[in-house]
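Just below is one structure, and these are the notes that go with it.
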Amino acid sequence: MADSAKAFDILILGGGSAGYAAALRAVQLGFNVGLIEGSKVGGTCLHWGCIPTKAYLHSAEVAEEARESEQYGVKLSYEGIDMAKVRDYKDKIIAGKFKGLQGLLKMRGVTVIDGYGKLTGEKTIEVDGTEYTGEHIILASGSVSKTFGLEIGGRILTSTEALELDHLPKSAIVLGGGVIGSEFASMWRSMGVDVQIIEGLDHLVPNEDPAIIKVLERTFKKRGIKYSLGTFFEKVEQDENSAKVTLTDGKEFEADIVLVAVGRGPNTQGMGYEEAGVTMDRGFVITNERLHTGVGNIYAAGDIVPGLQLAHRGFQQGIFLAEEIAGMNPVVVEDINIPKVTFSDPEIASVGYTEPKAKEKFGAENVETSEYNLAGNGKSSILGTGGIIKFVREKDGPIVGVHAIGRRIGEQIGEAQLIVNWEAYPEDVAKLIHAHPTQNEALGEAAMALAGHPLHG
């Protein structure tokens, strides 16, 4: 007979955004839950990803505004960055959130099991030699930084090591111009670092709408962020003085450090998934649309499931699975309808179809778009930012994509996702009152333009 202290209704492997959200929602629904975590609950997002990088980006924003203060009539003396103190500021935020999450899990009655787990059967996970059972199992082991085979150490870093630097490099090469690479490049440039991005594809943030990409590339160039596009790197070398990147065309770049920001991969190696019969593909766990693996009562959520690797996607999927197991038949949220924000300067916010993807799905003749330039928005002028809001709609139908770029524009993603997920028509959004003076007004202006009666366009 199973030891009741080691037997659970739901056993979750991984305490990141997906795992802890599933645990908290499951106990709300009356389940007995075990949550296995080998490192720290909160996972990558809290300790090595979203929270620490955004703390650094805020410090960078303060530095940028200090240098630009005279244009706002404020006289400040900018003396530089103390990275040790920036790191302490970041660590203090993480420590507070970590303590709060630990307390919340304890208060709600989630049993947190410390140790690295391995799936050993349809209902069993072994943790450091002890076997735990779950009538239902949720795999949520998260992701790790990709390195493309590069040896990390010394002057060659991933985002994890970069967030622990106690000094500011004079120059940096960023391998990868996606979300992580663009955020670090933007942050370092605001802190005064000479930055060079290497992106093998033809554009920065290649998954965004072409209109957004165009503004980002133009703005980065204006800010002095250099970038090489369309050629992949061949090798990375380092010595005691510098690091060097050689491209496949022979071109070379040299800097104090190299940040490897080529994306993240699933953290599933050696965890027994395949041996238990779970279907895998390049390390990812393959599920149906309801996140079931097809093996027993085993489900998967978060970064190990192919698709967007976003903390809030994992969080939503964790809640979804708790409700799915409870028989509540929750609504599936497709990746296309999940909001995304890139916290560079300028910020990017997007949800739904880009114009090219919409044309693929609905046909070019059945897609309409509108763009509103933030130059006409009062709050954006106050903040000193340019940018655009772009709406994509199915002809005579609902808005299927909202895309925006501009300083602090990420805060508008809330209404943007409601517009897309509730399949609002431009005429509906145009009638809503958008408070003045806010950047939120720009959404209303873009909707009015798409509805055929722009006021400020």
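The values are calculated or read from the model by the stated rules, or taken from the named source; none is laboratory data. Only a predicted model underlies this, so the values are computations on that prediction, with no experimental measurement involved. Glycine gets a Cβ as well: all are built from the backbone with ideal geometry, and neighbour counts include every protein chain shown.
Across the stretch 265-282, what is the total count of residues that are in a loop (DSSP other than H, G, I, E, B) and crowded, with 16+ Cβ neighbours inside 10 Å?
7
Given the conditions (1) within 22 Å of Arg264 (Cβ to Cβ); (2) touching a residue at least 60 places away in the same chain (Cβ under 8 Å); (3) surrounded by 21 or more Cβ atoms within 10 Å (Cβ to Cβ); (4) over 16 Å from the mean Cα position of the chain (by Cα), which single one is not true for Ser190?
(1)
Could you grab me the full set of residues in the stretch 33-63 that are in contact (Cβ under 8 Å) with a residue 40 or more places away in the chain and in a loop (DSSP other than H, G, I, E, B)?
Correct list: Gly38, Lys40, Val41, Gly42, Trp48, Gly49.
State all residues of the stretch 232-264 that are among the β-branched types (Val, Ile, Thr) and assigned to a strand (DSSP E or B); if no residue qualifies, say none.
Selection gives Val236, Val245, Thr246, Ile257, Val258, Val260.
Of the numbered conditions (1) of a type in the set (Asp, Glu); (2) over 22 Å from the mean Cα position of the chain (by Cα); (3) surrounded by 14 or more Cβ atoms within 10 Å (Cβ to Cβ), Glu360 fails exactly one; give the number of that condition.
(3)
So, of the residues in the stretch 330-379 that are within 22 Å of Leu291 (Cα to Cα) and in contact with an Asp or Glu (Cβ under 8 Å, 6 or more places away or on another chain), which turns out to be modelled with the lowest pLDDT?
Going through the qualifying residues, I end up with Val332.
Only residues that are of a type in the set (Val, Ile, Thr) and modelled with pLDDT of 95 or more: list them for the stretch 244-265, please.
Val245, Thr246, Thr248, Ile257, Val258, Val260
For Thr246, state whether it is β-branched (Val, Ile, Thr) and surrounded by fewer than 16 Cβ atoms within 10 Å (Cβ to Cβ).
yes
Give me a count of the residues in the stretch 140-173 that are surrounded by 16 or more Cβ atoms within 10 Å (Cβ to Cβ) and in contact (Cβ under 8 Å) with a residue 12 or more places away in the chain.
Summing the residues that are surrounded by 16 or more Cβ atoms within 10 Å (Cβ to Cβ) and in contact (Cβ under 8 Å) with a residue 12 or more places away in the chain in the stretch 140-173 gives 19.
I'd like to check something: does the stretch 41-58 contain any residue that is at pLDDT 95 or above and more than 28 Å from Ser344 (Cβ to Cβ)?
Within the stretch 41-58, one or more residues are at pLDDT 95 or above and more than 28 Å from Ser344 (Cβ to Cβ).
Any residue at all in the stretch 127-139 that is over 21 Å from Thr44 (Cα atoms), at pLDDT below 95 and buried (at least 16 other Cβ atoms within 10 Å of the Cβ)?
no
Tally time: how many residues in the stretch 432-457 are surrounded by fewer than 17 Cβ atoms within 10 Å (Cβ to Cβ) and under 18 Å from Glu394 (Cβ atoms)?
1
Condition check ((1) in contact with a Phe, Trp or Tyr (Cβ under 6 Å, 6 or more places away or on another chain); (2) in a strand (DSSP E or B); (3) more than 18 Å from Val62 (Cα to Cα)) across all residues:
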position: Ser380; (1), (2), (3): no, no, no
position: Gly386; (1), (2), (3): no, no, yes
position: Ile389; (1), (2), (3): yes, yes, yes
position: Val392; (1), (2), (3): yes, yes, yes
position: Gly397; (1), (2), (3): no, no, yes
position: Val400; (1), (2), (3): yes, yes, yes
position: Ile405; (1), (2), (3): no, yes, yes
position: Gln417; (1), (2), (3): no, no, yes
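Can you work out which of the residues in the stretch 204-243 that are buried (at least 22 other Cβ atoms within 10 Å of the Cβ) and among the aromatic types (Phe, Trp, Tyr) is modelled with the highest pLDDT?
Phe220
Among the listed residues Lys106, Lys123, which satisfies the condition of being under 20 Å from Val33 (Cβ atoms) and surrounded by 15 or more Cβ atoms within 10 Å (Cβ to Cβ)?
Answer to the selection: Lys123.
How about the stretch 79-109: which of its residues are touching a Phe, Trp or Tyr at 6+ places or on another chain (Cβ under 8 Å) and under 20 Å from Ala140 (Cα atoms)?
Leu101, Leu105 - these are the residues of the stretch 79-109 that are touching a Phe, Trp or Tyr at 6+ places or on another chain (Cβ under 8 Å) and under 20 Å from Ala140 (Cα atoms).
Hey, does the stretch 288-296 have a residue that's surrounded by fewer than 17 Cβ atoms within 10 Å (Cβ to Cβ), under 30 Å from Pro330 (Cβ atoms) and in contact with a helix residue (DSSP H, G or I) (Cβ under 7 Å, 6 or more places away or on another chain)?
For the stretch 288-296, residues surrounded by fewer than 17 Cβ atoms within 10 Å (Cβ to Cβ), under 30 Å from Pro330 (Cβ atoms) and in contact with a helix residue (DSSP H, G or I) (Cβ under 7 Å, 6 or more places away or on another chain): present.
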